[in-house]
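Okay, structure first, notes after.
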Amino acid sequence: MIIAVTNLKGGVGKSTIARNLAAYFSAQGVKTCIIDTDLEQRTTCDWQERRDDTAMRIPVFPMTTVQALPKDVETHSQDGYNMIIIDGVPQIDQVATRTILICDILLIPITPSIDDLKSFERFLIRYDEVKVHRENIPAFLVLNKYNGRNNEDKEVRSALELFGEYGIEPLRSTLGDRVAHRRGSKYGLTAYEWEDERARKEVTALCEELEEIMESLNPNRSKHAKARKKINH
Ligand SMILES: Nc1ncnc2c1ncn2[C@@H]1O[C@H](COP(=O)(O)OP(=O)(O)O)[C@@H](O)[C@H]1O
Ligand SMILES: [Mg+2]
């Protein structure tokens, strides 16, 4: 399974979400790795270097080159990684296009701000171009840094429903603006691993929703995952 976390904007939580998904699936016993496609920033490669040896192992591989991204994915999957999370780049370029073409699920984080909505509209232009080459991309928006208390939050949430006509649905699960994400990152950890029960619950709910989606995409594969989960617990 290849889950890509992408959006053309920086700071929306692509890397944070990619790492949390990786932590969750690794904890479920799924052999998981992350491909960091942002060769300029390498934020997730750096994050992994901050990670202690005692923490659960989450391998992070930098993408070799844009052209080689599909090959990289193939190599990691031959090496036994059943879950490959692609941490995306904040530009409209070949990396974004290739990422959209090769993933099984596309996750698009967005924060509840008008700036994000505007940049997402630009993302849709690229997305529509890519859709010429690949129909039916399972794509979902995930509201990040969303507390749902003020009117702006609520307005953005209802605006997201409108993107359904592009075949991009908002997930029910959202992630709040929680310091655990930033604190954890300082030590190469994730909010899923940090001592903040609410942050952990939000990540868990998001990942469980993704598991449901995976099951609907590929019922047989998910039966195995469920059996493995039972054995692990
Ligand atoms: N839900 C959240 N709550 C609090 N801080 C967050 C959350 N998501 C991301 N952040 C912080 O926001 C900043 C940008 O996030 P990052 O994942 O690096 O974005 P991107 O990869 O899209 O550029 C980081 O400092 C990260 O720790
Ligand atoms: Mg990033």
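Taking a ≥ b ≥ c as the square roots of the eigenvalues of the alpha carbon gyration tensor, segment 79-135 is oblate, as a/c is not under 1.5 and a/b does not beat b/c.
So what is the 222 nm mean residue ellipticity for the chain from helices alone, if each DSSP H run of at least 4 adds -39500 (n - 2.57) and you divide by all residues, rounding to the nearest 500 deg cm²/dmol?
The helix-only estimate for the chain comes to -15000 deg cm²/dmol at 222 nm.
Here LYS14, LYS31 are placed in order of increasing Cβ neighbour count within 10 Å, fewest first, which gives LYS31, LYS14. Which of LYS31/LYS154; LYS9/LYS31; LYS118/LYS201; LYS31/LYS118 have a Cα-Cα distance over 32 Å? Listed pairs above 32 Å: LYS31/LYS154; LYS31/LYS118. Computed over neighbours whose Cβ is under 13 Å from that of ILE168, the net charge equals -3, Lys and Arg +1, Asp and Glu -1.
Would you mind counting up the charge near THR32? Only other residues with Cβ under 11 Å from its Cβ, with Lys and Arg at +1 and Asp and Glu at -1.
On the way: positive: ARG19, LYS31, ARG57; negative: none.
In short, +3.
Taking other residues whose beta carbon is less than 12 angstrom from the beta carbon of ALA159, and scoring Lys, Arg as +1 and Asp, Glu as -1, yields -3.
Highest GNM mean-square fluctuation among SER158, SER26, SER77, for the chain modelled with Cα contacts below 10 Å: SER158.
For segment 1-60, the square roots a ≥ b ≥ c of the C-alpha gyration tensor eigenvalues yield an a/c of 1.5 or more together with a/b not exceeding b/c, which makes the shape oblate.
Note on HIS133, HIS76, HIS181: ascending count of other Cβ atoms within 10 Å places them as HIS133, HIS76, HIS181, the fewest first. If you wrap the tightest convex hull around every Cα atom of the chain and split its volume per residue, you get 122 Å³.
Only the coordinates and a few stated rules stand behind these numbers; no lab work does. Because the structure is predicted, anything quoted here is derived from the model rather than measured. Positions of Cβ are generated from backbone atoms using ideal geometry, with glycine treated the same way; all protein chains shown enter the neighbour counts.
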